[in-house]
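Everything on this sheet refers to the single structure shown next.
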Amino acid sequence: MDFFKRETQIDFMAHRVRAALITVGFIVLAVAVLFFRGLDFGLDFTGGTLVEVGYPQAVDLAEVRQTLESAGFDQAVVQTFGTARDVLIRLPSDVGAGDAVSNEILGVLRAAEPNAELRRVEFVGPQVGAELAEKGGLALLYALGGILIYVAFRFEYRFAIGAVAAVAHDVVITLGIYALIGMTFDLTVLAALLAVIGYSLNDTIVVFDRVRENFVRVRKGSSIELVNRSINQMLPRTLVTSLTTLLVLIALFVLGGELIRGFALALIIGVVVGTYSSIYVAGSAALALGVSREDLVPPVKEGEDLEEETP
Amino acid sequence: MINKNPLWRYLLLVLVVAGGAIYALPNLFGQDAALQISSADGTAPTPATQGEVLALLDSLEIDVKAVEATDSHVLVRLDQASDQAVAADELAVALGRDYTVALNLAAATPAWLRSLGGQPMYLGLDLRGGVHFLMQVDVDAVTTQAIERYGNEMSRSLRQSSIAHQVGDDATATAFSLVFEGADARDAAEAQITPEYPELVFEQVEVNGQPALSIAISEDELREIRNFAVEQNIITLRNRVNELGVAEPVIQRQGADRIVVQLPGVQDTARAKEIIGATATLEFRMVDEANFPYRGRPGDIPPPGTELFPERQGGYVLLERQIIITGDAITDAQSGIDTQTGRAEVNIRLSGAGGNVMNRVTGGRVGDHMAVLFKETEIQARRVNDEIVREQVQVEEVINIARIQEQLGSRFRITGLDNPMEARNLALLLRAGSLAAPVQIIEERTIGPSLGQENINQGMAAVGVAFLLVILFMVMYYRVFGLIANLALLLNLVLIMAVLSMLQATLTLPGIAGIVLTVGMAVDANVLIYERIREELRSGSSAQKAIEAGYGKALSTIADANVTTLIAAVVLFAFGTGPVKGFAVTLSIGIVSSMFTAIFGTRVVVNAIYGSRRGAKLAI
């Protein structure tokens with residue numbers, strides 16, 4: 001089976017101005033959503049107490065809320081988690097620390113339903129929460145920085161800027177979508193975001209690699225033509241890899257359980273956005289910055305036959 | 001022919017496959033329900049005790065699968081997991097407080113695999129259930145107390161030499177000041193105090209126009225105080241956690257002043273915290289010389305002004321009611337060897353105030369005996385109405401009696417101990433009972449066992465289905481080459497498992513997600529190669545040239561792509577905590593092993609199939 005019997009000839013770069021406008025539009029939108037709506041930060045970053053309680057049968061959330069309120073936990077956020085038998089209770093950190101609260105909550109709920117089972121307790125002190133948030137942000141910045149340096153070293157600084165622009169684009173859009181649908185942003189989602197960086201970069205590098213190869217190998221044709229041709233040549237690979245990765249992520253999303261669902265979703269968004277960005281954002285950015293054949297002096301490469309080829 | 005495999009390639013591949021298979025194998029054997037029995041002093045029970053244990057289990061008709069002894073404990077594997085709880089309770093009652101009995105799930109790895117160092121992956125708390133605490137040691141509380149102590153000591157010393165002064169009201173956690181009426185007084189004071197406190201930094205300053213001495217704890221001393229506070233808390237926590245009877249607890253220092261405690265399998269966080277929080281205390285008291293050694297019975301009424309306590313080594317001793325000093329006066333206790341006699345000893349350091357008291361009391365009583373009384377709460381199992389209950393009991397016992405050889409001060413030693421082991425234990429107990437810096441739990445995560453099992457099941461299901469989907473797609477899309485890529489993928493999974501098992505890195509739920517993601521991304525290398533081969537074929541290359549070019553030209557692309565992802569993974573590992581770290585570990589391992597399997601591994605197989613066929617048609 002082969003979706004691409006011959007090389008596609010899509011003129012991606014012809015639409016690059018329009019694509020750039022749309023991209024910028026989406027980024028502005030994402031930033032606006034992030035700004036006005038904000039991310040629903042999870043316990044890891046806000047601090048507080050989280051209690052997950054399992055019931056033998058479906059339970060009425062209103063009742064649980066009522067029970068908690070009458071016990072004095074009127075700040076408790078109650079929601080189902082995965083199934084209707086699983087209830088997640090979140091409390092801000094100023095209500096009290098860890099076990100005292102969780103034991104009390106379990107006591108109160110058990111009084112109403114003796115078979116309630118404590119499945120999970122998480123308590124994060126406010127100071128730890130702030131630290132985790134800081135470390136997470138730093139990790140993101142360092143990852144981008146490290147990548148920038150590597151790509152600049154392996155390719156050229158304009159490619160590095162293009163790659164980082166593509167990656168930053170993916171992060172912002174993914175965050176924006178996360179804010180839009182109001183999913184909880186916690187440490188696992190942050191890990192997913194960093195994986196998105198890795199993945200999207202992978203995609204971008206693969207395209208850049210072919211651009212570089214074509215610049216060196218093919219003597220005719222403008223930069224735009226060559227970038228176009230490179231993207232077309234890599235299109236089967238880009239789509240096949242995205243497809244296999246998506247297959248896997250969908251399996252995770254559906255089967256991996258509630259704890260991993262947010263992680264899988266962030267990656268699914270990231271892979272889709274990343275595939276787009278490695279075509280338009282990375283390529284366009286490098287072109288806009290004026291990448292040309294002269295910038296890529298033939299790198300010392302083993303087994304590279306410099307054959308003349310007419311495009 | 002260009003696509004022939006030299007022999008070494010086959011050998012390397014076979015070697016890696018065999019190695020990977022062997023070290024991944026332990027994960028298939030599951031676990032035995034087991035009991036882990038260790039004695040209170042941290043050594044393995046004697047063969048006699050082991051015999052007792054087996055006899056008891058036999059009488060309860062509990063079938064034992066195997067017994068293994070290590071330096072620190074004895075592991076009794078049971079045939080039936082359902083017997084575990086009963087067996088543990090019965091043993092706890094029968095063995096008494098000299099032993100702890102912990103429930104354990106021991107890997108059922110066969111002996112021949114274990115002799116090769118094979119062991120299953122180490123599952124994180126989110127997969128096996130348990131409690132995770134992150135504790136902050138309040139070092140400021142310790143230094144504040146030290147500052148207060150220094151202030152009092154210096155004041156006393158200056159009063160004795162009639163130097164008028166005041167303790168300034170600007171004390172912080174690490175510094176304070178003494179204010180004087182004149183510069184002469186200050187100079188005199190400085191000359192008098194400075195030599196006594198090499199650990200402090202003195203500086204002449206002015207406070208509200210008056211000459212003053214600013215006194216701060218030096219950086220080195222602060223570091224030492226912090227280290228001591230944290231180390232001491234870790235020792236105390238270890239002792240406490242042993243009480244809980246937890247198999248494989250993790251107690252580690254994290255950063256400058258934090259401690260991570262992980263208790264797999266513990267569900268009752270409230271009880272766990274109560275026990276962890278309970279501190280031992282200790283007291284130095286004089287022995288009642290009139291009744292030493294004690295000849296009465298335990299139930300006898302002690303003479304006025306004295307109290308009867310059991311000795312740890314057996315027997316009883318009468319102590320005076322008056323307490324000389326308590327454990328919080330101890331600032332350090334280290335075991336060592338007496339250079340003159342060659343016998344084990346313990347060197348003890350007291351705070352200045354504690355040293356003064358010790359000096360005053362022991363001055364008139366050289367030749368008498370002094371005892372160290374240790375008090376702590378313990379969990380004990382006992383039978384009440386045929387039911388076994390575990391309860392907290394306050395235990396008081398005398399851990400050491402020594403003759404006072406001379407007037408003691410803030411530094412003294414207990415000599416003539418029987419062996420270095422005893423000295424180490426005594427030093428440990430002295431430290432455990434000394435002033436502990438308060439700790440505060442700043443992060444807690446508890447995962448119920450059912451949720452842990454659910455996480456494993458869901459994770460495995462996701463891995464399985466994801467793997468199947470990718471395999472199907474690859475075979476449909478790349479036919480024989482897809483099949484080869486699938487073999488590589490399978491090998492990749494085996495290698496990840498093998499490396500995780502060998503490193504004993506913790507596998508967490510995000511870690512499983514990392515593996516799943518690697519499955520998706522590992523095929524990328526093959527996709528790159530295969531698409532390149534197709535391109536070459538389209539442009540008219542022969543099959544052999546296309547294979548050669550496909551692998552050759554895709555190599556640098558794959559390397560670039562993987563190195564950048566690896567950068568992201570390494571940053572994740574460096575900055576990540578908990579779930580992020582687990583994900584980074586499996587992702588990194590997966591990237592590296594996929595480079596091997598997807599490039600080298602598939603090439604060997606492709607060469608073996610197509611390499612010797614001139615004009616072969618590639619099923620790609």
### Summary
From the Cα centre of region B:18-41 to that of region A:251-294, the distance in Å is 41 Å
### Task
Please give the contour-minus-distance gain from residue B:82 to residue B:480: 0.36 nm per residue of separation, less the Cα-Cα distance, rounded to one decimal in nm.
138.4 nm
### Query
What residue among B:572, B:485, B:460 has its Cα farthest toward the positive end of the dipole of chain B, where the charges are +1 on Lys, Arg and -1 on Asp, Glu, each on the Cβ?
B:485
### Message
Can you compute the charge dipole magnitude of region A:48-124 about its Cα centre, using +1 on each Lys and Arg Cβ and -1 on each Asp and Glu Cβ, nothing else charged? Give it in debye, rounded to the nearest 20.
### Response
160 debye
### Query
In µm²/s, what is D for region B:93-241 at 37 °C and 0.692 mPa s, where D = kT/(6 pi eta Rh) by Stokes-Einstein and Rh is the Kirkwood radius from Cα pairs?
163 µm²/s
#### Entry: Gain in span if fully extended, residue A:21 to residue A:258, counting 0.36 nm per residue against the direct Cα distance
81.6 nm
## Note on the structure
Farthest towards the positive end of the dipole of chain A, among A:276, A:263, A:251 and with Cβ unit charges of +1 on Lys and Arg and -1 on Asp and Glu, lies the Cα of A:276
### Task
Based solely on C-alpha atoms, express the radius of gyration and the Dmax of the protein assembly as shown in angstrom.
34.5, 111
### Query
What dipole magnitude, in Debye to the nearest 20, does chain A give about its Cα centre under +1 on Lys/Arg Cβ and -1 on Asp/Glu Cβ?
960 debye
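Could you give the accessible area per residue of the protein assembly as shown, probe 1.4 Å, as a whole number in Å²?
Numbers: 40620 Å² over 931 residues.
Accessible area per residue, the protein assembly as shown: 44 Å².
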### Summary
Pseudo-spin-label distance residue B:596 to residue B:403, built 7 Å along Cα→Cβ, given in nm, is 6.6 nm
## Note on the structure
Sorting B:13, B:192, B:36 by the position of each Cα along the dipole of the protein assembly as shown (Lys, Arg +1; Asp, Glu -1; all at Cβ), the one nearest the positive end of that ordering is B:13
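Using square roots of five times the C-alpha gyration tensor eigenvalues, list the equivalent-ellipsoid semi-axes of region B:537-608 in whole Å, biggest first.
34, 12, 7
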## Note on the structure
Unit-weight point scatterers at every alpha-carbon of chain B, Debye formula, q = 0.06, 0.08, 0.09 1/Å: log10 I(q)/I(0) is -0.52, -0.79, -0.91
### Task
Please say if region A:158-287 is rounded, prolate or oblate, where rounded means a/c under 1.5 for a ≥ b ≥ c the square roots of the C-alpha gyration tensor eigenvalues, and otherwise the choice is prolate for a/b larger than b/c and oblate otherwise?
prolate
#### Entry: Interface residues in region A:185-199 - accessible area drops by 30 Å² or more relative to the isolated chain, probe 1.4 Å
A:187, A:188, A:191, A:194, A:195, A:198
## Note on the structure
Filtered hits (lysines, Cα-Cα < 17 Å from residue B:581, offset >= 8 within chain) -> A:135
### Heavy-atom accessible surface of region A:48-124: percent carbon and sulfur, 1.4 Å
46 percent
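Which value in deg cm²/dmol, rounded to the nearest 500, describes the helix-derived mean residue ellipticity at 222 nm for chain B, given -39,500 (n - 2.57) per DSSP H run of n ≥ 4 and division by the residue count?
Counting only the DSSP helices, I get -16000 deg cm²/dmol.
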### Message
With the crude spin-label approximation of a point 7 Å out along Cα→Cβ, what separation in nm comes out for residue B:115 versus residue B:162?
### Response
8.5 nm
### Average other protein chain Cβ within 10 Å of Cβ, residues B:526-533
5
### Query
Given a 1.4 Å probe and no ligands, DNA or RNA in the count, how much accessible surface is buried by A and B, both sides, to the nearest 100 Å²?
6000 Å²
### Query
FRET efficiency for residue A:5 and residue B:10, Cβ-Cβ distance as r, R0 = 30 Å, nearest 0.05?
0.25
### Query
How large is ³J(HN,Hα) for each residue in region A:72-84, as worked out from phi by the Karplus curve 6.51 cos²θ - 1.76 cosθ + 1.60 (θ = phi - 60°), to whole Hz, x for Gly and Pro?
x, 8, 7, 8, 5, 9, 10, 8, 7, 10, x, 10, 6
### Task
Using the structure shown, select from A:220/B:545; A:5/B:545; B:65/B:273; A:220/B:4; A:220/B:553 the pairs with a Cα to Cα distance greater than 29 angstrom.
B:65/B:273; A:220/B:4
### Summary
Rounded to the nearest 10 Å², the 1.4 Å probe accessible area of residue B:157 is 30 Å²
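For region A:48-124, what is the Kirkwood hydrodynamic radius in Å, using each pair of distinct C-alpha atoms? Walk me through the numbers on the way to the answer.
Working: mean 1/r = 0.0831 Å⁻¹.
Its Kirkwood hydrodynamic radius stands at 12.0 Å.
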#### Entry: Projected label distance in nm at residue B:290 and residue B:49, using a 7 Å step from Cα toward the beta-carbon
4.0 nm
### Query
By the scheme Lys and Arg +1, Asp and Glu -1, what is the net charge of all other residues having a beta-carbon under 12 Å from that of residue B:80?
-3
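Considering Cα pairs under 8 angstrom that are at least six residues apart, work out the relative contact order of region A:1-131 and quote it in whole percent.
Over region A:1-131, the number comes to 33 percent.
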#### Entry: Modelled FRET efficiency - R0 60 Å, residue B:59 with residue A:293, Cβ distances, 0.05 increments
0.10
### Task
Would you mind counting up the charge near residue B:573? Only other residues with Cβ under 13 Å from its Cβ, with Lys and Arg at +1 and Asp and Glu at -1.
+2
### Query
Under Stokes-Einstein, with the Kirkwood radius over Cα pairs standing in for Rh, what whole-number D in µm²/s applies to chain A at 37 °C and 0.692 mPa s?
148 µm²/s
### Rel. contact order, % - alpha carbon contacts under 8 angstrom, at least six apart, region A:48-124
48 percent
### Query
Over chain A, what relative contact order in percent results from Cα pairs under 8 Å that are six or more residues apart?
25 percent
#### Entry: Built amide H within the under 5 Å cut-off of residue B:288, gap 5+
B:318, B:319, B:320
### Message
Going by Cα centres, region B:402-454 and region A:1-79 are how many Å apart?
### Response
48 Å
## Note on the structure
Any helix of chain A counts here only if DSSP assigns it H throughout, its Cα atoms span 30 Å or more along the axis, and its mean Kyte-Doolittle hydropathy is at least 0.5, and such helices are A:126-154, A:157-181, A:187-217, A:223-255, A:258-279
### Message
Rounded to the nearest 20 debye, what is the charge dipole size of the protein assembly as shown about its Cα centre when +1 sits on each Lys and Arg Cβ and -1 on each Asp and Glu Cβ?
### Response
4400 debye
### Message
Starting from the Kirkwood Rh over alpha-carbon pairs, what translational D in µm² s⁻¹ does region A:121-234 have by Stokes-Einstein at 37 °C and 0.692 mPa s?
### Response
203 µm²/s
### Query
Contour minus end-to-end for residue B:608 and residue B:70, with contour as 0.36 nm per residue of separation and end-to-end as the Cα-Cα distance?
188.8 nm
### Query
For the pair residue B:203 and residue B:227, what calculated FRET efficiency results from E = 1/(1 + (r/R0)^6), where r is the Cβ-Cβ distance and R0 = 22 Å, to the nearest 0.05?
0.30
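The values are calculated or read from the model by the stated rules, or taken from the named source; none is laboratory data. Nothing here was measured: the structure is a model prediction, and the numbers come from that model. So basically every Cβ, Gly included, is an ideal-geometry build from the backbone, and we count neighbours across all protein chains shown. Each accessible area value is taken on the protein alone, full model and side chains, heavy atoms only, with ligands, DNA and RNA left out. Shrake-Rupley method; radii C 1.70, N 1.55, O 1.52, S 1.80 Å.
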